[in-house]
Amino acid sequence: MKKALICGISGQDGAYLAQLLLNQGYTVCGTSRDAQISPFSNLVYLGIREQVKLESMALTDFRSVLQVLTKIQPDEIYNLAGQSSVGLSFGQPVETLESIATGTLNLLEAIRFLGKPIKLYNAGSSESFGDTGDTAANETTPFRPRSPYAVAKATAFWEVANYREAYGLFACSGILFNHESPLRPERFVTQKIVAAACRIAQGSKEQLYLGNMQIQRDWGWAPEYVEAMYLMLQREQPDDYVIATGESTSLEDFVSAAFASLNLDWREHLVIDNSLLRPTDLEVGRGNPAKAENQLRWQAKYKMKDVVQMMVEARLAKS
């Protein structure tokens with residue numbers, strides 16, 4: 001029976017990945033900065049809280065990382081931890097860099113130090129590419145990060161590549177484009193939109209405040225994206241993969257789809273708020289998942305409108 005350690009198990013991807021690995025027969029261990037007080041509400045939502053062993057670990061503390069790896073003895077490690085908000089990274093750039101880049105480095109160094117055949121998956125980000133324009137980004141597209149979050153993710157990506165080449169570690173990064181689900185908190189714009197639309201449909205008089213409506217993103221379904229993470233660690237050789245649907249749509253289209261699914265006209269409920277504009281933002285995020293399709297046999301089944309519909313249905317079911 002394989003044993004997996006998921007760093008950042010309390011987040012959206014960590015919870016869905018835990019569910020997937022449990023279904024694959026794994027023993028699943030997860031970490032949080034303080035496992036004794038963390039509610040692990042996403043694990044509770046999925047009904048798997050009691051099936052997962054939980055440990056406290058601070059990724060920025062090498063001693064803490066080494067202790068947990070020595071105790072758990074995992075076959076696979078999935079690094080999904082660290083600051084996860086692009087917007088918040090402008091306000092907390094140092095914490096963002098440390099939690100992502102230093103955290104990843106500590107995992108790599110601990111694996112090297114222990115000398116055991118542990119496979120590492122690192123959560124990269126499409127934000128590292130910056131604006132892709134009309135060209136869909138693939139694994140050879142240069143990084144041009146435009147936020148502290150993207151800079152940190154790009155740093156962690158190259159740390160993984162360096163340790164793979166220098167020390168022969170089985171370490172790889174998934175460069176994931178945007179992926180959503182009912183587990184997203186409302187500070188993410190997709191859940192903010194869905195939640196507001198559902199409340200308005202139920203009689204709320206509120207308005208939805210958003211910034212740049214013309215940005216384009218490649219939005220996918222999170223439970224599918226964690227399958228790609230798992231598949232990367234089942235390969236004989238480690239490599240990096242872009243994970244995306246291959247289709248980009250505007251934020252305006254996302255808003256329109258969410259309100260339309262509830263028989264509402266979004267234009268009657270939206271206010272553009274310039275205070276929500278970021279210092280720098282990506283106009284277009286576009287991904288080319290051809291390598292993942294060819295080598296991992298992975299392909300996104302759900303596109304933006306499917307994702308919106310499933311998020312709306314889940315939100316209504318909870319209310």
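The values are calculated or read from the model by the stated rules, or taken from the named source; none is laboratory data. Since this is a predicted model, take the numbers as computed values, not measurements. Here the Cβ is made from the backbone with ideal geometry for all residues, glycine too, and neighbour counts use every protein chain on show. With ligands, DNA and RNA removed, areas are computed over all heavy atoms of the protein, side chains included. Shrake-Rupley method; radii C 1.70, N 1.55, O 1.52, S 1.80 Å.
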Heavy atoms of Ser56 accessible to a 1.4 Å probe, total area in Å² rounded to 10: 50 Å²
Accessible-area ranking of Arg146, Arg33, Arg49, largest first, probe 1.4 Å: Arg33, Arg146, Arg49
Derived scalar couplings ³J(HN,Hα) [region 88-99; Karplus, 6.51 cos²θ - 1.76 cosθ + 1.60; whole Hz; x for Gly, Pro]: 5, 5, 5, x, 10, x, 5, 4, 4, 5, 5, 5
Relative intensity, log₁₀ I(q)/I(0), of region 1-92 from a Debye sum that treats every alpha carbon as a point, q = 0.11, 0.20 Å⁻¹: -0.30, -0.93
Rg/Rh for region 260-319, where both radii come from Cα atoms and Rh is the Kirkwood radius: 1.10
Dipole in debye (nearest 20) - region 71-196, about Cα centre, beta carbon charges: Lys, Arg +1; Asp, Glu -1: 200 debye
Translational diffusion of the chain, µm² s⁻¹ [Kirkwood Rh, Cα pairs; Stokes-Einstein; 25 °C; 0.890 mPa s]: 123 µm²/s
Computed magnitude of the charge dipole of region 211-291 (debye, nearest 20; Cβ of K, R +1, Cβ of D, E -1): 80 debye
Debye log10 I(q)/I(0) for region 116-217, one point scatterer per Cα, at q = 0.19, 0.22, 0.23, 0.24 Å⁻¹: -1.02, -1.18, -1.23, -1.28
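Translational diffusion coefficient of region 70-153 at 10 °C, 1.306 mPa s, Stokes-Einstein with Kirkwood Rh over Cα pairs, in µm²/s as a whole number.
On the way: Rh = 14.2 Å.
Once the numbers are plugged in, D ends up at 112 µm²/s.
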Rotationally averaged projected area of region 180-286 (alpha carbon convex hull; nm²): 8.1 nm²
Test item: Cα-centred dipole of the chain, Lys/Arg +1 and Asp/Glu -1 on Cβ, debye: 680 debye
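Between Lys301 and Leu262, what length in nm is gained on full extension when 0.36 nm per residue of separation is reduced by their alpha carbon distance? Walk me through the intermediate numbers first.
Details: separation 39, 0.36 × 39 = 14.04 nm, distance 2.31 nm.
My answer for the length gained is 11.7 nm.
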Selected from Phe62, Phe113, Phe170 as most flexible by GNM, with the chain as the system and alpha-carbon contacts under 10 Å: Phe113
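For the chain, with all protein chains present and a 1.4 Å probe, just round the carbon and sulfur fraction of the accessible area to a whole percent. Numbers along the way, then the final one.
Working: 6670 of 14060 Å².
Looking at the chain in its full context, I get 47 percent from C and S.
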Among Met57, His269, Leu233 - extreme Cα towards positive end, dipole of the chain, charges at beta-carbon: Met57
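Stretch Arg235-Val94 to full length: gain in nm at 0.36 nm per residue minus the Cα-Cα span?
47.3 nm
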Selection from Gln12, Leu43, Tyr26 lying farthest towards where the dipole of region 1-92 points positive, charges on Cβ: Tyr26
Per residue value of the accessible surface for the chain (all protein chains in place, 1.4 Å probe), Å²: 44 Å²
Furthest towards positive pole of dipole, Thr132, Tyr163, Asn288, structure part the chain, Cβ charges: Tyr163
Computed [θ] at 222 nm, helices only, for the chain once each DSSP H run of length n ≥ 4 contributes -39500 (n - 2.57): -11500 deg cm²/dmol
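Which net charge results for the neighbourhood of Glu247, defined as the other residues with beta-carbon distances under 9 angstrom from its beta-carbon, given Lys and Arg at +1 and Asp and Glu at -1?
Spelling it out: positives minus negatives among the neighbours equals +1.
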R0 of 22 Å, Cβ-Cβ distance Arg278-Glu247: FRET efficiency to nearest 0.05: 0.40
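What's the longest bit of the chain with no exposed GluC sites (Glu not before Pro), using DSSP loop states and at most 10 other Cβ atoms within 10 Å as the test? Don't skip to the answer; put the middle values down first.
Details: sites that count: Glu206, Glu236.
The reported range is 1-205.
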